[in-house]
Amino acid sequence: MRSDPNARAPLGLKLAAAAGLLFMHVPILLIFVYAFTTEEKSYQWPPPGFTLRWLEVTWNRVDVWQALWLSVQVATVATLLAMLLGTLCAAAVSRTRFFGRETISLLVILPIALPGIITGIALRSAFSLADIPFSFWTIVLGHATFCIVVVYNNAVARFRRTAGNLIEASMDLGADGFQTLRHVIMPNIGTALLAGGMLAFALSFDEVIVTTFTAGQQQTLPIWMLEELVRPRERPVTNVVAMVVVLVTFLPILGAYYLTRGGDSPAAAEK
Amino acid sequence: MTSAVRFKNVCRHFGAIRAVDGLNLEIAPGEFFALLGPSGSGKTTSLRLIAGFERPTAGHIEIFGERADAIPPYRRNVNTVFQDYALFPHLSVLENVAYGLKMKGVAKKQRLARAEELLELVQLPGYGDRSPAKLSGGQRQRVALARALVNEPKVLLLDEPLGALDLKLREQMQEELKSLQKRLAITFVFVTHDQGEALSMADRIAVFNEGKIMQVGTPEEIYRAPRSRFVADFVGSSNVLPPDLVERLTGTRAWASLRPEAVRLVSRGGHSATLVSSSFLGAQRRAVFDFDGFQITALLAADAKLPEPGKTARLAWGESDLHLMEDEPVDGPEGAA
């Protein structure tokens, strides 16, 4: 049952809500502020002065560009891999009944419930055991384990809402398997896939723990930041990078949110 | 003459479940044919076998003389109106109707024009731009019909097409479907669990139970001369009289059906029975009598002179109204399936 949507919340509740939101978001704003401070050795409050110098410094740092480029590559490849495997898995689980279906569904979701450190250690020892050298591809595989989950979850929900008889209706009207995929299945699960892909990209882009265990000498952007915090040189550069990371991960998540809002998804609208 | 659809010893088993079990059936071209039965009786599976969504586990199906075993659904000249319409939510009404032509590679201009014609046929001209989500149940039903007809199928399959509509709309659509079928002269095969719908619309009916056909015939044959207790009971609400009683009445030991509307009240002669209860139905009055320990339901005129409940009345019916059936004349509840 829903309470009256027009009822006003008591003042205490409003204050508590405001305090909660501030607690979550003010520290992030501090990061932004420090990106423009003139003080470079320590985080001094209030900042003695403001400058845009660090933007330029960051722009000219080769190590930042390398880390950023690696992160983008890893996130892109992991996301594509997750979209392919996650969708196929969702299709299998939602479209057919077979022995062990629930178990498979659980096993696919499990990696996101496991602490990253366990996934990381497990993968590291598995890679060592199989004599696989740590490389770009081991990072991608590590990230794909949890990226698949997000894509799978998005796709499986949409597959369930896309009535199975739409596919039969398409076949009935003369469309073969490929035409049905292109004209019926893709338009109906497209937004869910895109949303899942965006979330996966964002997750991969700021992943630290699994990456520390599966990377060799490479530094992804979050790893680079972690190392940078220890070295007190040109500190605001880290803050500039942090700002970029926030923007790069926030926008896809926002986009995914808009794409999957319940009511206006095409398959739900027909019911 | 070649049958439009022909089942030859068709079985469709799902593991231990015999959804369709040894089906033999011929549907003539241009017929309005009903597959009638309770849920789980195999009627929908039979329809899906014609459409090609199911493959027979044994036997085969011919569509206009051609064996259909190896033909996938998208190459059969058969189209389906689905129970919940299955309209494509991401396409407009017009695009939905034109979908079949698009798959055939018909140019955009022609296929949209043709789709518009079909919308006119189902009395939805000008609805093409809307989204299926914005239509009422009855309108969606018409769109589904137009979409299924766009490829000019030789056989149109309808799966409980009126099930989701309210009573008034359902009666109107029954009329429309019937006249549409006459005009287009396409073979219609429709699945229903509603015996009234089957009786009023179909040229012929196949009554299904437990994966088997119990009886095939015109609505009148099925109604007047049910061959088994199942058919008598499922089609209309017949009084099914057990062999003992029938033997006393006619001298033949067999199960018999007696339609409630065949029972009359008489002042003398006939059979004496005790009134149990009666209810007023508007145009008619339904009365339940106790006759020798068996309940007999009668549909009488609304102004019929009934005695008080518990008092006796005299019932009569024509000799031919007591229809003997082919079931084994075994008494008792285990025989009364």
| request: Between the chain alone and the structure with every protein chain in place, find the residues of segment B:91-118 that drop at least 10 Å² of accessible area; heavy atoms, 1.4 Å probe. | output: B:TYR99, B:GLY100, B:LYS102, B:MET103
| remark: Sorted by chain and number, the residues with a modelled amide H under 5 Å from that of B:GLU54, at a separation of 5 or more or across chains, are B:LEU49
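Just to confirm, what accessible area per residue do you get for chain A at 1.4 Å probe, in whole Å²? Write out the running numbers ahead of the final one.
Working: 15130 Å² over 271 residues.
Result: 56 Å² of accessible area for each residue.
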| field | Karplus-derived 3J(HN,Hα), 6.51/-1.76/1.60, for each residue of segment A:138-152, Hz, glycine and proline x | value | 5, 5, 4, 4, x, 5, 4, 4, 9, 5, 4, 4, 5, 5, 4
| Amide H contacts of B:GLN215 (H built 1.01 Å from N, under 5 Å, at least 5 apart or other chain) | B:VAL207
| At a 1.4 Å probe radius, carbon and sulfur cover how many percent of the accessible area of chain A? | 71 percent
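Solvent-accessible area per residue for segment B:194-337 at a 1.4 Å probe radius, Å²?
Values: 7400 Å² over 144 residues.
Per-residue value: 51 Å².
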| Listed residues B:ASP69, B:ASP194, B:ASP129, most fluctuating in chain B (Gaussian network, C-alpha, under 10 Å) | B:ASP129
| Interchain or long-range residues, amide H under 5 Å from B:ALA256's placed H | B:LEU241, B:MET325
| remark: Per DSSP loop assignment and a cutoff of at most 11 other beta carbons within 10 Å, chain A keeps its longest run without exposed chymotrypsin sites (Phe, Trp or Tyr not before Pro) at A:100-271
| request: Please find, in a Gaussian network model of chain A (springs between Cα atoms separated by less than 10 Å), the residue of A:THR76, A:THR162, A:THR96 whose mean-square fluctuation is greatest. | output: A:THR96
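Which trypsin sites (Lys or Arg not before Pro) does segment A:97-160 hold that lie in a coil by DSSP with at most 15 other beta carbons within 10 Å?
A:ARG97
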| remark: Residues from segment A:182-207 losing no less than 10 square angstrom of accessible surface in the full protein assembly compared with the chain alone, 1.4 angstrom probe, ligands and nucleic acids excluded, are A:HIS183, A:VAL184, A:PRO187, A:ASN188
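With all protein chains present, how much of the accessible area of segment B:239-335 (probe radius 1.4 Å) comes from carbon and sulfur, to the nearest whole percent?
On the way: 2580 of 5390 Å².
Ligands and nucleic acids excluded, carbon and sulfur reach 48 percent.
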| field | Charge dipole (debye, nearest 20) of the protein assembly as shown; +1 at Cβ of Lys and Arg, -1 at Cβ of Asp and Glu | value | 980 debye
| said: Output the 0 to 90 degree angle, nearest 10, between the alpha-carbon long axis of helix B:108-121 and the longest principal axis computed from the alpha carbons of chain B. | reply: 20 degrees
| field | Residues of segment B:40-56 buried by at least 20 Å² on assembly (accessible area, 1.4 Å probe, chain alone as reference) | value | B:ARG48, B:PHE53
| task | Identify the trypsin sites (Lys or Arg not before Pro) of segment B:175-239 meeting these criteria: DSSP loop state and at most 10 other C-beta atoms within 10 Å of the C-beta. | result | none
| note | Taking every alpha carbon pair in segment A:24-89 and sorting the distances into 5 angstrom bins from 0 up to the bin holding the longest one, the percent per bin comes out as 3, 14, 15, 13, 14, 14, 10, 8, 5, 3, 1, 0
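Taking the Cα centre of chain A as origin and charging only Cβ (+1 Lys, Arg; -1 Asp, Glu), how large is the dipole, in debye to the nearest 20? Provide the component values of the computation, followed by the final result.
Values: 19 positive and 17 negative charges, 118 e Å.
Here chain A has a charge dipole of around 560 debye.
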| query | What residue among A:GLU207, A:GLU39, A:GLU102 shows peak mean-square fluctuation when chain A is described by a Gaussian network model with Cα springs under 10 Å? | reply | A:GLU102
| note | Between chains B and A, total accessible area buried, probe 1.4 Å, no ligands or nucleic acids, nearest 100 Å², roughly 2100 Å²
| said: Per residue of segment A:68-77, what does 6.51 cos²θ - 1.76 cosθ + 1.60 with θ = phi - 60° give for ³J(HN,Hα)? Whole Hz please, x for Gly and Pro, Karplus curve as stated. | reply: 4, 4, 5, 4, 4, 5, 4, 4, 5, 5
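The values are calculated or read from the model by the stated rules, or taken from the named source; none is laboratory data. Note that this is a predicted model, so its numbers are computed, not measured. Quick reminder, even Gly has a Cβ in these numbers, built from the backbone with ideal geometry, and neighbours come from all protein chains shown. Accessible surface is based on the protein model in full, side chains and every heavy atom, while ligands, DNA and RNA are left aside. Shrake-Rupley method; radii C 1.70, N 1.55, O 1.52, S 1.80 Å.
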